[in-house]
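Note sheet for the following structure.
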Amino acid sequence: MFAPGKYPAVGRLNLATPDPTARDAAVRVRGIGIQITGADGQQWRSAMIDPPFFPVSTPQAFYELLTASASKDPEAMKRFAGAHPEIAAFGEWAKSAPWTASYAQERFNSLNSFVFTNAAGTEHTVRWSLVPTIAATAIAPDDLAKRDADFLEQEIVERVKAGPVSWKLVVTLANPGDPTADPSKPWPTDRKAEEVGTLTATQIIPEDHGPCRDINFDPTVLPDGIRTSDDPFPAARSAAYAVSFDRRTAESGSYPRQQGATR
């Protein structure tokens, strides 16, 4: 997958919310799913978000977070935070991290740990990130709130029309003793990082009839040489994504279609 060359990639930029009508300025977490197809046809799928660490340490805790955030009980989130103090760091990030006005300025992080095996059979536990090649420009939340509800989609469409947008793919290697099963714990910033490639977006297609719509960005779809680690989240995400994909494709008859398209 890291051999010199160019390989086709399909991706989907997204907001971390179950509400399809949510305003872009109201959603703190942004993400990207990508599928890269190697020269031999093997696929590498990944789903990344822009926080530098995850809100909670286990899939069960994440389920409890979703339940508490959807509860009508005004004390639900307070009780959850008391039981899962690690979420405090995420709350501080959400309040203090700068907002940008473009997906192109976001750094997207795998957060989950995976294991790379090289040709000699040596294994390295890693996390990876897509690092923007253009500088991020901080925008005040009040200024963002004045923009159109879908300003992020509109901006990236116009930006890519004017020229390709790219991110550097950077792999960070864990040191012995680094937490690999808990994505709420970031690794120290001095860990070795290797730039292994560039993701380039050359075309934006609306999701309702684009090639990304029917892809399940399952993070356990991996090529030879990459496998899951002791991190439990990829398996949990794979199971949840499968349910979501089945529900979505069951409603394919209601999908929007391009003008003139036939069944």
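The table below lists the values:
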read-out: Scope the range 11-37; condition closer than 25 Å to residue 223 by Cα and either at pLDDT below 95 or crowded, with 17+ Cβ neighbours inside 10 Å (or both); matching residues; value: 11, 12, 13, 14, 31, 32, 33, 34, 35, 36
read-out: Checklist (1) closer than 16 Å to residue 32 by Cβ; (2) without any contact (Cβ under 8 Å) to a residue 40 or more places away in the chain; (3) not aliphatic (A, V, I, L, M) applied to residue 213, failing item; value: (2)
read-out: Whichever residue in the range 148-182 is assigned to a strand (DSSP E or B) and under 24 Å from residue 227 (Cα atoms) and, among such residues, is farthest from the chain's Cα centre (by Cα); value: 173
read-out: Filter result (surrounded by fewer than 20 Cβ atoms within 10 Å (Cβ to Cβ) and either in contact with a helix residue (DSSP H, G or I) (Cβ under 9 Å, 6 or more places away or on another chain) or under 17 Å from residue 31 (Cβ atoms) (or both)) within the range 106-128; value: 107
read-out: Qualifying positions in the range 54-95 - touching a residue at least 24 places away in the same chain (Cβ under 8 Å) and acidic (Asp, Glu); value: 86
read-out: Residue 87 in contact with a Pro (Cβ under 8 Å, 6 or more places away or on another chain), β-branched (Val, Ile, Thr) and surrounded by 12 or more Cβ atoms within 10 Å (Cβ to Cβ); value: yes
read-out: Qualifying position, being among the charged types (D, E, K, R) and under 16 Å from residue 219 (Cα atoms), among 107, 45, 79; value: 45
read-out: When residues of the range 183-228 are limited to those that are in a loop (DSSP other than H, G, I, E, B) and among the hydrophobic types (A, V, I, L, M, F, W, C), the one surrounded by the most Cβ atoms within 10 Å (Cβ to Cβ); value: 217
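A quick yes/no check of all residues on (1) surrounded by fewer than 17 Cβ atoms within 10 Å (Cβ to Cβ); (2) farther than 28 Å from residue 87 by Cβ; (3) in contact with a His (Cβ under 9 Å, 6 or more places away or on another chain); (4) among the basic types (Lys, Arg):
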position	(1), (2), (3), (4)
144	no, no, no, no
151	yes, yes, no, no
163	yes, yes, no, no
181	yes, no, no, no
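The values are calculated or read from the model by the stated rules, or taken from the named source; none is laboratory data. What you see is a predicted model; the values in this text were computed from it and never measured. Glycine gets a Cβ as well: all are built from the backbone with ideal geometry, and neighbour counts include every protein chain shown.
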